[in-house]
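Trainee: Right, I'll just put the structure down here and ask away after.
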Amino acid sequence: MTKKIVVIGMGYVGIPAAALFADVEGFNVVGIQRRSKRSGWKIDWLNEGKNPIGGDEPGLSELIKRVVNKGSFRVTDDFSECKDAYAILIDVQTPTDEKGIPHYESLKDVSKQVGKYLHKDSLVIIESTVAPGTTNYIVKPILEEVSGMKAGRDFSLVFSYERVMVGRLLKNLIYLPRIVGGIDEKSTKSGVELYKNIVKEKIHPTDALTAEIAKVVENTYRDVNIAFANEIALICESLGVDVFKVRELVNTLPNDPSDPSSNPIRNMLFPGMGVGGHCLPKDPWLLKYGVDMYGNFKVEPNIILKSRELNMFMPTHTANLIVEGLKQAGREIKNAKIVLLGVAFLENSDDTRNTPAKNLFEILEKKGAKPILHDPYVRDFELPLTKDINEAIVDADAIVTVTKHKDYYNLDLNKIKDKMRTKIIVDGRNVFNKEKCERIGFIYKGVGKPH
Ligand code: SAJ
């Protein structure tokens, strides 16, 4: 008998998850997407078998075409599709505001809709990243109140987080271990059984709260490590040494010198001009919100918040490097034409969520400069951008690497130099070689590079 799976939220997580389940014999998948101005177009696009996610996403377009053509995947905005669903996956946005407070409007709204059509013995899975405690204290009460049923007894409820990254959405969903946390053991079991259909790696059963904490800690750990690398970059700049050389040397030391082969080496991450995306800038705040709301005693996560602060500072530091370069060239920042290479927060993708490019653009505008945004992948963005790099660099005073798109590595710097008014490179992503740039006549500044 065919089982129906409903996936709510056709985004970077919902679309690949839905397509993967739809490719499993015996499953029929219905995607639900609000017909919003921003994302409503995806409904028709997907139903035509087309992939709405831009950038390089290996295998996704073929998979979407295949499952739509074989009739096991379709998309609608009608929540009544939940009424006969075996499992319902919730993949909606869970943004935080500038104070780090989560806004669960769409999560609560979707929970009410699901509760309305929920039937006995179905499985509800929250895949969106949430603050610890959200499954038990926000979603569960809504589902129980609207459905009139009891979670655990009448339906299963699980939190199981994704580990996707743009550029390898399918690969990460299939080949990374999966954590499945139920509100009770029965729920956990049903969740594990479901993911066995698409995950080819180990599945780790736990409880919902532990899984919620693991998710935000996983990203917070990365954010803190990036902040550490950024702090070392500032120290190296001050001491006049290349941080990337230091990183390379540090990463040669195994954790346990007595048995190097048994464990990973040190893994100092990459400093850079900023940290963007839907996860790292947000998850530390979700962790803080969880312990503030549901903790038994107060804990001030100082290391975590200081790290967030330093990563938020990196666009400002990059702007200071631009000012320093212009001063060296005898030019003011006022009316200077600054070309920002890259708008996406991650290389070779079109994903602009919380991109540090926006922060740098605004800082430069405030200083009276004329910043220009360029990106080969991004279709639309809230700020004006160009795909024509030649138009962008004419009479420019500086080019700044913001995203390490592969397209920028082979730029002909000699040609570019001839079109610029002032020959300055500010390298926010260690894309160019300092000595080579200086040899051909550029003033070169870089995050983590000797001034
Ligand atoms: N970045 C650095 N230095 C680094 C690594 C990244 O400055 O060494 C910057 C990137 O340029 C980018 C930001 O940090 O602006 C985030 O990059 P990312 O590589 O962490 O990409 P995300 O945010 O898409 O992916 C993270 C991953 N989390 C972890 O590795 C712990 C991914 O596994 C998660 O699935 C994803 O968050 C998520 O969806 O939570």
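The values are calculated or read from the model by the stated rules, or taken from the named source; none is laboratory data. This structure is a prediction, so every number in the text was calculated from the model and none was measured. Please note: Cβ atoms are built from the backbone with ideal geometry, for glycine as well, and neighbour counts cover all protein chains shown. All accessible areas refer to the heavy atoms of the entire protein, side chains included, with ligands and DNA or RNA removed. Shrake-Rupley method; radii C 1.70, N 1.55, O 1.52, S 1.80 Å.
Trainee: Can you list residue pairs whose Cβ atoms sit under 7 Å apart, with the first residue in the range 246-275 being at pLDDT 75 or above and the second being β-branched (Val, Ile, Thr) and open to solvent by 70 Å² or more (accessible area, probe 1.4 Å)? Count only pairs 6 or more apart in sequence or on different chains.
Mentor: That search, which allows pairs on different chains as well, returns Asn251/Ile265; Thr252/Ile265; Leu253/Ile265.
Trainee: Please go through the range 366-396 and give me each residue that is in a helix (DSSP H, G or I) and within 17 Å of Val426 (Cα to Cα), ordered by number. Please lay out each step first, then the result.
Mentor: Filtering the range 366-396 for residues in a helix (DSSP H, G or I) gives 366, 389-393.
Passing the criteria: Ile389, Ala392, Ile393.
Trainee: Taking the stated definitions as given, is Val114 open to solvent by less than 10 Å² (accessible area, probe 1.4 Å), away from the ligand (no atom under 16 Å from the Cβ) and outside any helix (DSSP H, G or I)? Don't jump to the end; show me each part of the working.
Mentor: Values: open to solvent by less than 10 Å² (accessible area, probe 1.4 Å): yes; away from the ligand (no atom under 16 Å from the Cβ): yes; outside any helix (DSSP H, G or I): no.
Here the answer is no, as Val114 does not meet what is asked.
Trainee: Within the range 353-400, can you find the residues that are open to solvent by less than 40 Å² (accessible area, probe 1.4 Å), modelled with pLDDT of 95 or more and within 16 Å of the ligand (Cβ to nearest atom)?
Mentor: The answer is Thr355, Pro356, Ala357, Leu360, Phe361, Leu373, Asp375, Val400.
Trainee: Check His278 against each of (1) buried (at least 18 other Cβ atoms within 10 Å of the Cβ); (2) assigned to a helix (DSSP H, G or I); (3) at pLDDT below 95 and name the one condition it does not meet.
Mentor: Answer for His278: the failing condition is (2).
Trainee: Moving on to the next point. Out of (1) open to solvent by 10 Å² or more (accessible area, probe 1.4 Å); (2) within 16 Å of the ligand (Cβ to nearest atom), what's the single condition that is false for Thr403?
Mentor: Just one mismatch for Thr403, condition (1).
Trainee: Further question: Any chance the range 301-316 includes a residue that's closer than 30 Å to Gly54 by Cα, part of a helix (DSSP H, G or I) and away from the ligand (no atom under 16 Å from the Cβ)? Break it down stepwise before answering.
Mentor: Narrowing the range 301-316 to residues closer than 30 Å to Gly54 by Cα: 308, 311-316.
Narrowing further to those that are part of a helix (DSSP H, G or I): 308, 311-316.
With away from the ligand (no atom under 16 Å from the Cβ) added as a condition, the list becomes none.
No; the residues of the range 301-316 include none that is closer than 30 Å to Gly54 by Cα, part of a helix (DSSP H, G or I) and away from the ligand (no atom under 16 Å from the Cβ).
Conditions (1) modelled with pLDDT under 95; (2) assigned to a helix (DSSP H, G or I); (3) farther than 18 Å from Asp77 by Cβ; (4) among the polar types (S, T, N, Q), marked per residue:
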site: Met10; (1), (2), (3), (4): no, no, no, no
site: Ile15; (1), (2), (3), (4): no, yes, no, no
site: Leu20; (1), (2), (3), (4): no, yes, yes, no
site: Val24; (1), (2), (3), (4): no, no, yes, no
site: Val30; (1), (2), (3), (4): no, no, no, no
site: Lys50; (1), (2), (3), (4): no, no, no, no
site: Gly54; (1), (2), (3), (4): yes, no, yes, no
site: Ser61; (1), (2), (3), (4): no, yes, yes, yes
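Trainee: Give the range 136-170 a look and list any residue that's closer than 29 Å to Phe345 by Cα and open to solvent by less than 10 Å² (accessible area, probe 1.4 Å), or say none.
Mentor: Just the residues of the range 136-170 that are closer than 29 Å to Phe345 by Cα, to begin with: 159-170.
Scanning the range 136-170 gives Phe159, Ser160, Tyr161, Leu169.
Trainee: Moving on. Kindly list, by first and then second residue, each pair from a residue in the range 303-316 that is closer than 13 Å to Lys288 by Cα to a residue that is of a type in the set (Asp, Glu) and within 13 Å of the ligand (Cβ to nearest atom), limited to pairs with Cβ atoms under 7 Å and residues at least 6 apart or on different chains.
Mentor: Sorted first by the residue in the range 303-316, then by its partner, the pairs are Arg308/Asp223.
Trainee: Could you grab me the full set of residues in the range 63-74 that are open to solvent by 30 Å² or more (accessible area, probe 1.4 Å) and either closer than 30 Å to Gly342 by Cβ or not in a loop (DSSP other than H, G, I, E, B) (or both)?
Mentor: Taking the range 63-74 as the starting set, the residues that turn out to be open to solvent by 30 Å² or more (accessible area, probe 1.4 Å) are 65-66, 69-71, 74.
Residues satisfying the conditions are Lys65, Arg66, Asn69, Arg74.
Trainee: While we're looking at this one, here's another question. Please enumerate the residues belonging to the range 204-235 that are within 13 Å of Gly272 (Cα to Cα) and either more than 9 Å from the ligand (Cβ to nearest atom) or surrounded by 16 or more Cβ atoms within 10 Å (Cβ to Cβ) (or both). Steps first, answer last, please.
Mentor: Residues of the range 204-235 within 13 Å of Gly272 (Cα to Cα): 223, 225-234.
Asp223, Ile226, Ala227, Phe228, Ala229, Asn230, Glu231, Ile232, Ala233, Leu234, listed by residue number.
Trainee: Just to be sure I understand, how many residues within the range 171-202 are crowded, with 17+ Cβ neighbours inside 10 Å, more than 13 Å from the ligand (Cβ to nearest atom) and under 20 Å from Val24 (Cβ atoms)?
Mentor: Here the count works out to 8.
Trainee: Do we find that Val343 is among the hydrophobic types (A, V, I, L, M, F, W, C) and either within 13 Å of the ligand (Cβ to nearest atom) or assigned to a loop (DSSP other than H, G, I, E, B) (or both) in this structure? Talk me through it step by step, then tell me what you get.
Mentor: Values: among the hydrophobic types (A, V, I, L, M, F, W, C): yes; either within 13 Å of the ligand (Cβ to nearest atom) or assigned to a loop (DSSP other than H, G, I, E, B) (or both): yes.
Criteria met by Val343.
Trainee: When the residues of the range 294-315 are filtered to those that are polar (S, T, N, Q) and open to solvent by 50 Å² or more (accessible area, probe 1.4 Å), which remaining residue is farthest from Asp427 (Cα to Cα)?
Mentor: Here is the first cut: in the range 294-315, the ones polar (S, T, N, Q) are 296, 302, 307, 311.
Still in the running and open to solvent by 50 Å² or more (accessible area, probe 1.4 Å): 296, 302.
Values: Asn296: 46, Asn302: 30 Å.
The selected residue is Asn296.
Trainee: Residues in the range 330-346: is at least one touching an Asp or Glu at 6+ places or on another chain (Cβ under 6 Å), open to solvent by 30 Å² or more (accessible area, probe 1.4 Å) and at pLDDT below 95?
Mentor: Scanning the range 330-346 turns up no residue that is touching an Asp or Glu at 6+ places or on another chain (Cβ under 6 Å), open to solvent by 30 Å² or more (accessible area, probe 1.4 Å) and at pLDDT below 95.
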